[in-house]
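Following: one structure in structure tokens, then a few remarks.
The values are calculated or read from the model by the stated rules, or taken from the named source; none is laboratory data. Predicted, not measured: the structure shown is a model, and the values here were computed from it. Backbone-built Cβ (ideal geometry, glycine too); neighbour counts: all protein chains shown. Heads up: the accessible areas ignore ligands, DNA and RNA and are worked out on the full protein's heavy atoms, side chains in. Shrake-Rupley method; radii C 1.70, N 1.55, O 1.52, S 1.80 Å.
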Amino acid sequence: MTESHYAPRPGDFDPLDAAPQAQTVCRPPLSRVQATWQRFRRNRSALISLGLILALLLFTLAGPWFWPVDPARQDLEQISRPPTLGKVALLVADDRPWHGSTAEPPPALPDATALPAPTGLTILEPATTRSVRLRWEPVAGAAGYAIYRSERPPADRADLGLPLGETWSGNEVGYEDRLQLEDRSYYYSVVTSDGFDESAAFAVVEVAVAQGITLADARSRGLVGPDAAIGDRVRLEAHPLGTDYLGRDLLARLIHGARVSLFIGLAAPLLFVLLGTLYGGLAGYMGGRIDRAMMRVVDFVIALPFLLFMILFKIAFGIGPGESGVLPMLVALVLLSWPSSARLVRGQVLQLRHEPYVQAARLQGAGAPYLIRSHMLPNILGVILVDLTFAIPSAIFIEAFLSFIGMGVVPPTPSWGSLCNEGMNTMLTHPHELFFPACLISTTVLAFNLLGDGLRDALDVRLTEGT
Amino acid sequence: MLKFMLQRLVSGLVTVWFIATATFLAMHAVPGDPLLNDKAVPPEIRRNLEARYGLDQPLPQQYLLYMGNMLQGDFGISFTQQNRRVNDIIRAHFPVSALLGVAAILIAAAGGILWGALAALYRNRLPDRLIMLLVVLGISVPGFVFAALAQLLLVNVNRWLGFTLLPVAGWGTPAHLVMPALVLGLGLLAFLTRLMRSSMLEVISADYIRTARAKGLSPLRIFFRHQLRNAILPVITVLGPAIAAITTGGFVVELVFAIPGLGRYFVQAVQQLDYTVIMGTTVFYGAFLVLMVILVDILYGIVDPRIRERGHD
Amino acid sequence: MLAAPLSKLFQNLSLSLVCLLVPALPVLADAVDYRNQVISIALTQEPPQLNSMLATDQISGFVLGHIQEGLLRYDADNRLAPAVAEHWELGAEGATFWLRQEARWSDGKPVTAHDFVFAWRNTVDPATGSEYASILYPLKNAEAINRGDQAVESLGVQALDDHTLEVRFEKPTPYFLGLTAFPSFFPVREDFYRSRGARYAADADDLLFNGPFKLSAWVHGASLRLEKNEHYWDRDRIRLNRIEVPYITSETRSLFNLFKDDKIVLAGLDSETLQDALKQRYPIRKFSDGSVFYLEFNHRPGHATANKALRQAIQAIYDPAELVNKVIALPGYRPGRSLFPLWLGGVERRFRQEYPAPVVQPDPEQAQRYLAQAKQELGVEALPPLVLLTDNSPGAAKQAEYLQSLFKTRLGLDLRIDRQTFKQRLAKMTAGDFDIVAAGWGPDFDDPITFGDLFASWNENNRGRYNNPEYDRWVRVAQTSSDPRQRMDAMARLQTIIIEDVVILAQYERGLVYVQHPRLEGLVRRVIGTDPDFSGARVIQP
């Protein structure tokens, strides 16, 4: 529009004075990397996410050094416990089997319709998480007893809680409970049975169960000295994030799981983006028939239904005994994911090839290495970097998803995905088992997403100037 | 144009053949075979079984036989459900996955466009921050966690209300669709919201908007006629691949909500190494995706001639 | 080339897509309906095979048990009772069954002896390729026919007239009556079967019923509906008018959520949903399902586990009670003490009451001595890592991790977990590609021999290839003797050999913990036969 109003005057064609209007450079020119960094630094959330990622890497790499707990060590006395700083436990004797308690058989009565509840229900001390032993007085006419356990005082006959087991004769009047006991109060109920049906009456006893540990266990774990005796109290190991379904330390498992999850999350995208860049770059650079043939292969691989093939490849590669299954997952991921990067890079290279400055360089006789090094690479690096940052969270998700359907890493190798999946089953009763791994996955995914956003904005000059 | 369409179709068919061959090879590379079962069978029974399924033939023969049948549109008979044809299984279960997927995409697209636009309009103010917080959750929480939490929420809501507001699981009525579709669409919704927001921001600062504003157009008109219409374009471009991802990605939702979709069948078939079902499902999905891509290409070609030309180079 | 069939498929698909929008079943029904006597249940899996001649799995068995009936059945007290057969005679050479006149198919035609002859012949016919054909091997010539050596007509079963069935045995089969309640022995009517061809049992219309219920609707993968069979001879016993199966899912949590939402009458629990159920104050029920799970050693030469001292060392550190109490942590499971589960009948009482299994107490010091002996016999300084083959179910992984830690801490042995999908694990088991495999066995009929012959050298299920002539000898005695006392004595020998020679290590007898709707009565759980059995169930008044 302005052109049409422009009416040149003769003075316009005079040469300018050189000195006064020349540019003065007051700061050293910024390299591309420096400029990007400057713009990136202004993006607060991107900076925070960069910090988060560094922290996560530190957690993964230096974690085992700060928290040198064996992630495979099981403590069956502390299964699925919430965070503790070390419980105090009672030392008990190494358990020998208890064959219950047998009374002289009382005379059987013919009337067995309304059998009374047993009397004299008592607990044999000590009641610890190792075992709780019950005994009671025999009931005349009983053919057996059923034992129940509840965490609350039972309200009625239908509310006795867990059916632990039963004894099969009227004079078998003892029962040992070892079924995953926690250090809390329990209400044990005993019901008389006539051999077919259980009677309506029941006897209840409340027991405060103490955390227990056998002397042998305490010794082998180095919790006590040689002079420790039964009945002493010892402090158990701390579990700052609680324990899992086999009593393993969750913090240690998260640290070690991070290695698997981040390894897959970082290595797979790095590999497939690299592969894709080389492939796509070559195709774009060569152009013509070769390009078309190469892109046809990409079309094929992209057409494969991703998840279906991920599963299929993973089992086809097979996981040998003792292997963690990380490698097959990595290979499958790389094999199926590289084409999208290849497409992206090829498109960029094609576009660059037609840019005037590249054409100019070529006309001036620049060779391929120079063109790639000084024109292609710097210009597509940003795109590749952004592609990479967004590929990382999706790789982490895929690992988690495969673990969810039981095709992830093989136990006992922990990964955030598998920990999450295990925690899902227990999310109501032991929420900490889901909360911590889910938090870590979410934080990582989020951090990489925000970092990607920040990078993209910082690399994209147009957008940053616009906002 | 006709030549372009034909070209795409031929390359699509070659792609389907490639998928079928890749699946066949991958599947037969898996150790074991579908005839093994918990209780071992005597060798004579095993021979009878092998003969029934043609597994006594050498592998190349099996491949040729399979390809021949597939050309006639016959995917064979399932190994685990021995009287059901794989075609019947696909016909019965794919519509379920597709319906779920379409519902999820509708929810995601509508929600994503609306929220994204809203967030952009209220940039850096409360609505924007709230929406972006939800987006952050949607992007960073794994789908299976969402699915489990959503189901739990429903149970508690239903119990609290004393009647069934929405069914907890199962399939059959539109009410059954709501929660699974919502959960399935959530990730995509978050992604689209983000995309829409940044695309909208770009549009807002574009010259033609300034011009429109300067012309004195009403803000509502500007929003609908200029901003939304232009900002929506990148969202539509990513919808194509999203359809593919979501129809195959419904596994988790199908598992948790007891929905008889094809995804759940596939996971089961892999466990059981049900050759014919694995082949049928993969080839079918592959063909479906290829068809979608071709359709999108042709559609683009019609809408925008530039793309058609680029497709040739 | 491909386009035509594919487009046809797509056409069909779009049609069924429309159909789907119209609900097939009123699936929002509550768990129980007292007025109409209707209940809703869930299945963990779509029944894979409702052709009784081919079915092998538990889910199909459950559905078949409700819609078909054999010569005998198990009653509410889990005893064998007359079904299609009114009475019978069992001898060493064979058996005769007299069928009741009033037994009818669901189209009103009588159930005849010919229907049994047809079904049994068809099952052993090699062309049928039935996986369970071997369960009919007690019948005369069955094995030879299945091998293709003889004509199917020579099978030892004959219809003397419409209502008399004569069976001849290959060798004495004292447990034959129990077999006749098994789905492979159910009748199939020839004219109906022929009219359906390959589609027999593919859909609800492709089946004929002679049991308490008939399958009136079957939407694959989604729902089934069982309706009372008005032609069933004992219809007065059946109180329920309908059993709806609107849900098919294997997710325990989903099932429990459905139960909480009052949508299904029965839900199995795992250790987590159990905690939830306790919180809701639901009465918890438990039931032993009769299966035994064990660690099977590989006895093939070249495997360290072929060494008896090593197996004894493992036995000496192994405490199944700890596994059951701490790792599985579900009531209803019983620590495994023998290959023979507690519920099996003996001569007069329970087999295990008559012949208690020898007890081996965990003994770490003894274990070290065995270990040293094993190293010496194998001529190695340190034992190579052992491979534990297991499947990819969550429970299996947990147990494998427990064992790995146990072996490491108590014996210093490295145990490598080899976790495979279902079929891959079976392939490796069959090929002997393991040192230890976590395996299990569910009984087919109520006789200890269903477990006892597992480790006979000729048994295909003896995946560890245990080969002991003495064991084989006692199996033969138990299989062929007709004297119950002699049979059970032989069985007791087998039990002792299993423990003393450490052929396997019993892990547990599986239990089921479940919640049941308070207004459902008469539901029967069974070890052998249809489980759960709803045929005698009813909904009681609110």
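Worth pointing out:
- Pair list, Cβ under 7 Å, 6 or more apart: region C:486-507 residue under 23 Å from C:A396 (Cα atoms), other residue acidic (D, E): C:I504/C:E296
- Number of the condition not met by B:G112 [criteria: (1) facing another protein chain (nearest Cβ under 10 Å); (2) open to solvent by less than 40 Å² (accessible area, probe 1.4 Å)]: (1)
- Annotation: A:G288 fulfils all but one of (1) out of contact with any helix residue (DSSP H, G or I) (no Cβ under 8 Å at 6 or more places or on another chain); (2) touching a residue at least 12 places away in the same chain (Cβ under 8 Å); the unmet one is (2).
- Failed item, numbered, when B:I113 is tested on (1) assigned to a helix (DSSP H, G or I); (2) under 30 Å from C:D149 (Cβ atoms): (2)
Conditions tested, residue by residue: (1) within 30 Å of A:E399 (Cα to Cα); (2) at pLDDT 80 or above.
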{"site": "A:I319", "(1), (2)": "yes, no"}
{"site": "A:S324", "(1), (2)": "yes, yes"}
{"site": "A:V331", "(1), (2)": "yes, yes"}
{"site": "A:L344", "(1), (2)": "yes, yes"}
{"site": "A:L352", "(1), (2)": "no, yes"}
{"site": "A:Y357", "(1), (2)": "no, yes"}
{"site": "A:P369", "(1), (2)": "no, yes"}
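- Subset tally (residues that are more than 7 Å from chain C (Cβ to nearest Cβ), in contact with a Leu (Cβ under 6 Å, 6 or more places away or on another chain) and either assigned to a helix (DSSP H, G or I) or farther than 27 Å from C:P48 by Cβ (or both)) for region B:20-64: 1
- Condition check for C:S250: at pLDDT 90 or above, surrounded by fewer than 18 Cβ atoms within 10 Å (Cβ to Cβ), under 30 Å from B:S97 (Cα atoms) and of a type in the set (S, T, N, Q): no
- Within region A:394-408, tally of residues that are of a type in the set (V, I, T) and open to solvent by 10 Å² or more (accessible area, probe 1.4 Å): 2
- Close Cβ contacts (under 8 Å, 6 or more residues apart or on different chains) running from residues in region A:368-390 that are farther than 15 Å from A:V345 by Cα to residues that are assigned to a helix (DSSP H, G or I) and open to solvent by 70 Å² or more (accessible area, probe 1.4 Å) comprise A:L371/A:R362.
- Residue in region A:373-392 that is aromatic (F, W, Y), under 26 Å from A:N43 (Cβ atoms) and open to solvent by 40 Å² or more (accessible area, probe 1.4 Å) present: yes
- The set of residues in region B:55-93 being small (G, A, S) and either under 16 Å from B:M27 (Cα atoms) or at pLDDT 85 or above (or both) consists of B:G68, B:G76, B:S78.
- Contact map, region A:38-65: first residue within 18 Å of A:G265 (Cβ to Cβ), second residue basic (K, R), Cβ cut-off under 8 Å, separation 6 or more or different chains; pairs are A:T60/A:R259.
- Residue match in region C:521-539 (condition: assigned to a loop (DSSP other than H, G, I, E, B), within 14 Å of another protein chain (Cβ to nearest Cβ) and out of contact with any Cys (no Cβ under 9 Å at 6 or more places or on another chain)): yes
- All positions within region C:269-286 that are in a strand (DSSP E or B) and buried (at least 18 other Cβ atoms within 10 Å of the Cβ): C:L269, C:K286
- Region C:349-414 holds helices (runs of 4 or more DSSP H) entirely within its bounds, and those carrying 2 or more residues that are exposed (fewer than 15 other Cβ atoms within 10 Å of the Cβ) and more than 13 Å from chain A (Cβ to nearest Cβ) map to C:364-378.
- Evaluated against (1) hydroxyl-bearing (S, T, Y); (2) surrounded by fewer than 19 Cβ atoms within 10 Å (Cβ to Cβ); (3) not in a helix (DSSP H, G or I), A:T413 falls short on exactly one condition, (2).
- Which listed residue, of B:V141, B:V155, B:V145, is within 13 Å of chain A (Cβ to nearest Cβ) and touching an Asp or Glu at 6+ places or on another chain (Cβ under 6 Å): B:V155
- Which numbered condition C:Y514 fails, given (1) assigned to a strand (DSSP E or B); (2) surrounded by fewer than 19 Cβ atoms within 10 Å (Cβ to Cβ); (3) hydroxyl-bearing (S, T, Y): (2)
- So C:L339, is it at pLDDT 90 or above, hydrophobic (A, V, I, L, M, F, W, C) and part of a loop (DSSP other than H, G, I, E, B): yes
- Residue match in region B:203-226 (condition: touching a Phe, Trp or Tyr at 6+ places or on another chain (Cβ under 7 Å) and open to solvent by 10 Å² or more (accessible area, probe 1.4 Å)): yes
- Scanning region A:424-437 for residues that are surrounded by fewer than 24 Cβ atoms within 10 Å (Cβ to Cβ) and either more than 9 Å from every other protein chain (Cβ to nearest Cβ) or assigned to a helix (DSSP H, G or I) (or both) yields A:M424, A:N425, A:P431, A:H432, A:L434, A:F435, A:F436.
- The set of residues in region B:139-174 that are assigned to a helix (DSSP H, G or I), closer than 23 Å to C:R253 by Cα and open to solvent by less than 30 Å² (accessible area, probe 1.4 Å) comprises B:F144, B:V145, B:A147, B:A148, B:A150, B:Q151, B:L152, B:L154, B:V155, B:N158.
- Residue list for region C:39-89, restricted to those being assigned to a loop (DSSP other than H, G, I, E, B) and charged (D, E, K, R): C:E46, C:D57, C:E69, C:D75, C:D77, C:R79
- Residue match in region A:121-128 (condition: modelled with pLDDT of 85 or more, closer than 30 Å to A:A228 by Cβ, under 35 Å from the mean Cα position of the chain (by Cα) and in the same structural domain as A:Y188 (by TED's automatic domain parsing)): yes
- Residues of region A:88-98 satisfying the condition of being at pLDDT 85 or above and either in contact with an Asp or Glu (Cβ under 6 Å, 6 or more places away or on another chain) or part of a loop (DSSP other than H, G, I, E, B) (or both): A:L91
- Condition check for A:F313: crowded, with 23+ Cβ neighbours inside 10 Å, farther than 24 Å from A:H430 by Cα and of a type outside the set (G, A, S): no
- Residue selection: C:T173 fails the criterion of being surrounded by 19 or more Cβ atoms within 10 Å (Cβ to Cβ) and in contact with a Gly (Cβ under 6 Å, 6 or more places away or on another chain).
- Boolean, B:T15 is more than 12 Å from chain C (Cβ to nearest Cβ), open to solvent by less than 40 Å² (accessible area, probe 1.4 Å) and either assigned to a helix (DSSP H, G or I) or free of Cβ contacts under 8 Å to residues at least 12 places away in the same chain (or both): no
- If only residues of region B:249-264 that are more than 7 Å from every other protein chain (Cβ to nearest Cβ) and either open to solvent by 10 Å² or more (accessible area, probe 1.4 Å) or assigned to a helix (DSSP H, G or I) (or both) are counted, the one that is modelled with the lowest pLDDT is B:R264.
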